[in-house]
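Novice: I'd like to ask you about the structure that follows.
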Amino acid sequence: MRVAIVGAGVTGLVAGRELARRGFAVTLVERWPDVAGQASAFEVAPGVWIERYYHHLFPSDREMVALHDELLPGQLEWHPSTVGIWSRGHVYPFVTPKDLLTYSPLPIPDRLRLGFVVLRLVGRTDWERMDDIGALEWLRRTCGERAVSSVWLPLMLGKFGDDAERIPLAWLWSKFVLRRGKGARAGRESLGYPRGSFRAICVALADDLRRREATIELDREVIEVRADGDQFVLHCAAPGAYRSAIGSSPAEAGRELRADIVLLTTPTTGTAAITEWPADYRKRLDEWTYRAAVVLLLELRRPYSDVYWMNVADMDVPFLGMVEHTNLVPAERYPARYLYVSNYVAPDDPLAKLGPDALLQHYLVALKLMNPSFVEDDVLRYWAFREDAAQPVPRTGNRHRLLPFETPRPRMYVANTTQIYPEDRGTNYSVRLGRDVANFIAERNR
């Protein structure tokens, strides 16, 4: 049977590989002119790749680690990481409960209380119960208002905006337990990063798919999927549609594809628009919202700080965090130093419409405040990237909102980041999602 997979990110590539292994005729159709989806990268020098959006692995990310061991043995490396939080004009270490005890913006009794609460949270396993409890509500009750105002509220507002009060405790719990596992030891943790960027594993998956006689169609945006008897017809836009807003380009005659089965790995916003759905299912798709990632990547002549991952707990700073890539991966592998300045906003937020020049100017005052020695001449080049569907917004009782793989349309399936829960979305869980949906499709279409 012919399977068309819309999207050649990690989930689509893994699902395609699993289905090709089982004898399905697989075609992946990707809007972008390269594979990898949200793990896509670009060259900062010939043969030197860096992601548009920062990525790393935790030791507990076993699915992606195993995939590297299989397809790119020896290419996944582990580097010591540093994590800090900017608050009240200073950077504080922020990895272990012990670090909380030295967090001077809070009085000592509040630090002790906060450290105890984190240990208590990590020790829990009843995630379904936590799914019915608002994270900030629980933190106020257990940590106290001062801890919430000083630590949690700025981070949650920065991540989720007006939805911050509705984020379930299960989501926060997963950040501590499932993603980090036991990676933090003695105030340090090791994080994984593959040589050649995360694009390398996606290219390896694509190469493996082609060896299995699968087809990968790049720069081919699917505009509409229609049923035609027992088959589906995928209507595609002309080449170059990726330069325009998603779904805004017309379909071009002669670029149709046919399939017996369709798997949509697109966000729910794109899934809702790509075909006609029954009203109740369309409502379920539309109920999902996302926060857009707005990332300014700076190429610097010298290090900005000595921290890899910097959370910002300061409402006066116009960004959520900074990720200094070359404080994790050895800088000598790159022509310069690289710093991501990160924000999550509503897709229609004015910030999401700023170009690279305007975004840099918008951030300069805060960048100089946080590092007085920083000057604009330290910036060699810079790029701005935006992903409208970067962060699905979970809400209390989120497990009841999760979409099954099967849709009301026979032989049409969905697999996207909204279905990763209670874990947060990430490349590791996208690998698992791809395998799970492929197994489901194969079982249903023997």
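The values are calculated or read from the model by the stated rules, or taken from the named source; none is laboratory data. Remember, it's a predicted structure, so these values are computed and weren't measured experimentally. Using ideal geometry, Cβ is built from the backbone for each residue, glycine included, and neighbour counts are taken over all protein chains shown. Accessible surface areas use protein heavy atoms only, side chains included; no ligands, DNA or RNA. Shrake-Rupley method; radii C 1.70, N 1.55, O 1.52, S 1.80 Å.
Novice: Taking the Cα atoms only, what angle lies between the long axis of helix 108-122 and the longest principal axis of the chain, rounded to 10 degrees?
Specialist: Taking Cα atoms only, the helix is inclined about 30 degrees.
Novice: Between exposed GluC sites (Glu not before Pro) in the chain, where DSSP calls loop and at most 16 other Cβ atoms lie within 10 Å, what's the longest gap? Numbers along the way, then the final one.
Specialist: Working: sites that count: GLU213, GLU252, GLU256, GLU276, GLU287.
Between the exposed loop sites, the longest stretch runs 1-212.
Novice: Counting other C-beta atoms within 10 Å, and keeping those with at most 15, which DSSP coil chymotrypsin sites (Phe, Trp or Tyr not before Pro) do you find in segment 1-101? Show your work: numbers first, answer last.
Specialist: Values: sites: PHE24, PHE42, TRP49, TYR53, TYR54, TRP78, TRP86, PHE94; in loops: PHE24, TYR53, TYR54, PHE94.
Hits after loop and neighbour filter: nothing returned.
Novice: Placing +1 on the Cβ of each Lys and Arg and -1 on the Cβ of each Asp and Glu in segment 326-446, which of PHE440, THR418, TYR344 has its Cα farthest towards the positive end of the resulting dipole?
Specialist: The residue sitting farthest along the positive end of the dipole is PHE440.
Novice: Is segment 1-81 best put as rounded, prolate or oblate by its Cα gyration tensor, with a ≥ b ≥ c the root eigenvalues, rounded for a/c under 1.5, and otherwise prolate when a/b is larger than b/c, oblate when not?
Specialist: Values: a/c = 2.38, a/b = 1.41, b/c = 1.69.
Oblate shape, in that a/c is at least 1.5 and b/c is the bigger or equal ratio.
Novice: Among DSSP beta bridges lying fully in the chain, give the percent that are antiparallel, nearest 5. Could you put the intermediate results ahead of the total?
Specialist: Details: 55 of 75 bridges.
Given both bridge residues lie in the chain, the antiparallel proportion sits at roughly 75 percent.
Novice: For segment 311-446, report the translational diffusion coefficient in µm²/s to the nearest whole number, using Stokes-Einstein at 4 °C, 1.567 mPa s, and a Kirkwood Rh over Cα pairs. Don't skip to the answer; put the middle values down first.
Specialist: Working: Rh = 18.5 Å.
After rounding, the answer is 70 µm²/s.
Novice: Could you provide, to the nearest whole Å², the per residue accessible area of segment 77-177 with probe 1.4 Å? Please report the intermediate quantities before stating the final value.
Specialist: Working: 4460 Å² over 101 residues.
That works out to 44 Å² per residue.
Novice: Quick one: pull the percent of accessible area on the chain belonging to carbon and sulfur, 1.4 Å probe, ligands and nucleic acids left out. All intermediate terms of the calculation are to be shown ahead of the outcome.
Specialist: Values: 9590 of 18690 Å².
Roughly 51 percent, rounded to a whole number.
Novice: If you only keep lysine pairs separated by 8 or more in sequence, or across chains, how many in the chain come under 20 Å at the Cα atoms? Write down the numbers at each step before the final one.
Specialist: Numbers: LYS98/LYS175; LYS98/LYS182; LYS159/LYS175; LYS159/LYS353.
Taking the chain as the scope, the lysine pair count is 4.
Novice: Using the 2.2 N^0.38 Å rule of thumb for compact globular proteins, work out how the chain stacks up: its C-alpha Rg over that value, please. Kindly include the intermediate steps, with their values, before the conclusion.
Specialist: Details: Rg = 22.1 Å, N = 446, 2.2 N^0.38 = 22.3 Å.
With N residues counted in the chain, Rg over 2.2 N^0.38 Å equals 0.99.
Novice: Continuing with the same structure: For the chain, with the dipole built from +1 on Lys and Arg beta-carbon atoms and -1 on Asp and Glu ones, taken about the Cα centre, which of GLY247, LEU169, VAL295 lies farthest toward the positive end?
Specialist: Result: LEU169.
Novice: Considering the zone a paramagnetic label at GLU128 would reach in this model (a point 7 Å from Cα along the Cα-to-Cβ line), which residues of segment 412-440 have amide N under 14 Å from it?
Specialist: Zone members listed by number: 422.
Novice: May I pose another question? Where the centroid of each part is defined by its Cα atoms, how far is segment 202-246 from segment 285-330 in Å?
Specialist: Cα centroid to Cα centroid, the span is 32 Å.
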